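The values are calculated or read from the model by the stated rules, or taken from the named source; none is laboratory data. Only a predicted model underlies this, so the values are computations on that prediction, with no experimental measurement involved. Because the Cβ atoms are built from the backbone with ideal geometry, glycine has one as well, and the counts that use them run over all protein chains shown.
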């Protein structure tokens, strides 16, 4: 790419009007499909790969190893969050109700169901402490203070104590990261001019792996800190924001739409790297994964996202628009919250060790837990979460017609 020293002339048509852009805050089939793919990867990891102990070197062990990167479904969620939230904030940057509407909508989408989740977990933990459920006392082994969970600060305690905490609450580290990102990004979009915003996004992408390496070198025994702290995982989030910026620039979007073959070639290259990580990097805490593996996966998911949105007739697009993936994507948040706890409760009478079996025939318990999880979370989405989301969206952004101040043409031109 060739840098240009001259300041380009900003075109009035550099951005499509808001009304002609996709409603990125609503239901887009491809994005729901990507959500469905992300939560499906996590379900396979937690309901199969982590609980079934196959003999080392056996054909089953090799088969299961093919899915060992399923946990990076969380990184796909990060890319999606950065894309959606970044796009919403960019579109509403000049709104006089910018912060009020954004945080009102985020509250109704995230907090009520999360509050029920915490209430259910903490009530169960109280019962265990009181001796009412002694069979589950193993859950208390890595228990963390309760207050940080309510404030989305639990990832700091996880990093400091080098533990993910109670099994059913451990997955909330990613929610803490996203909420902390939501406190940061709106201010950046609001106060920074487009060129500086783009610089911060690129800086976050480059800085995250460097910070992970630094923490690993300084505190190699703290295997959790680089995994659960927001700045260390900002590369995936900022790749999503970069995607939102690119998608809103007419020239970039048109170029992507007309260069599907080149995008596919790039995806194949990235996919070869994913295959290498799957085969050769078995340690989630290893240096290869923290130094470059996580960023590689973020680039892959970022590229997959842009390909799905710009190549409407591709097989990838058709797959992501499939009913089962979009259905699963719509309930992904609830499934993510409750799936571990439901598996713990359902599996207890049948598996001799908590969350572990070496009998393939025992995996019917995972199937039962999956069915109950999907049923409960679908009910939650239809009758609890969706009405609250609709309530939050009654609050509207007051966006002026003129959007020249929102134009990112100068910042993007410097990268061409």
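Within region 312-334, the residues that satisfy the criterion of being without any contact (Cβ under 8 Å) to a residue 24 or more places away in the chain and not in a loop (DSSP other than H, G, I, E, B) are 315, 316, 318, 323.
Of all residues being touching a residue at least 24 places away in the same chain (Cβ under 8 Å) and not in a loop (DSSP other than H, G, I, E, B) in region 149-160, which is farthest from the chain's Cα centre (by Cα)? Just the residue, please. Looking at residues that are touching a residue at least 24 places away in the same chain (Cβ under 8 Å) and not in a loop (DSSP other than H, G, I, E, B), I get 160. Counting only helices (runs of 4 or more DSSP H) that sit wholly inside region 49-129, those with at least 1 residues that are over 28 Å from residue 299 (Cβ atoms) and within 20 Å of the chain's Cα centre (by Cα) are 98-129. Residues that are surrounded by 23 or more Cβ atoms within 10 Å (Cβ to Cβ) and closer than 26 Å to residue 254 by Cβ within region 310-337 comprise just one, 320.
Please determine whether any residue of region 67-88 is surrounded by fewer than 16 Cβ atoms within 10 Å (Cβ to Cβ), out of contact with any strand residue (DSSP E or B) (no Cβ under 9 Å at 6 or more places or on another chain) and closer than 30 Å to residue 360 by Cβ. Checked region 67-88: at least one residue is surrounded by fewer than 16 Cβ atoms within 10 Å (Cβ to Cβ), out of contact with any strand residue (DSSP E or B) (no Cβ under 9 Å at 6 or more places or on another chain) and closer than 30 Å to residue 360 by Cβ. Inclusion of residue 35 among residues that are in a helix (DSSP H, G or I) and either without any contact (Cβ under 8 Å) to a residue 40 or more places away in the chain or surrounded by fewer than 18 Cβ atoms within 10 Å (Cβ to Cβ) (or both) is not warranted.
Looking across region 101-138, the residues that are more than 23 Å from residue 333 (Cα to Cα) and in contact (Cβ under 8 Å) with a residue 40 or more places away in the chain come down to 135, 136, 138. Each residue in region 130-148 was checked for being buried (at least 16 other Cβ atoms within 10 Å of the Cβ) and part of a helix (DSSP H, G or I), and 4 of them qualify. Within region 199-223, track down each residue that is outside any helix (DSSP H, G or I) and surrounded by 20 or more Cβ atoms within 10 Å (Cβ to Cβ). Hits for region 199-223: nothing passes. Across region 356-365, a minimum of one residue is classified as in contact with a helix residue (DSSP H, G or I) (Cβ under 8 Å, 6 or more places away or on another chain), free of Cβ contacts under 8 Å to residues at least 60 places away in the same chain, surrounded by 13 or more Cβ atoms within 10 Å (Cβ to Cβ) and assigned to a helix (DSSP H, G or I). In region 394-416, the residue that is farthest from residue 199 (Cα to Cα) out of those that are touching a helix residue (DSSP H, G or I) at 6+ places or on another chain (Cβ under 6 Å) and at pLDDT 55 or above is 395. Scoring residue 196 on the criteria (1) surrounded by fewer than 20 Cβ atoms within 10 Å (Cβ to Cβ); (2) over 20 Å from residue 88 (Cβ atoms) leaves a single failure, condition (2).
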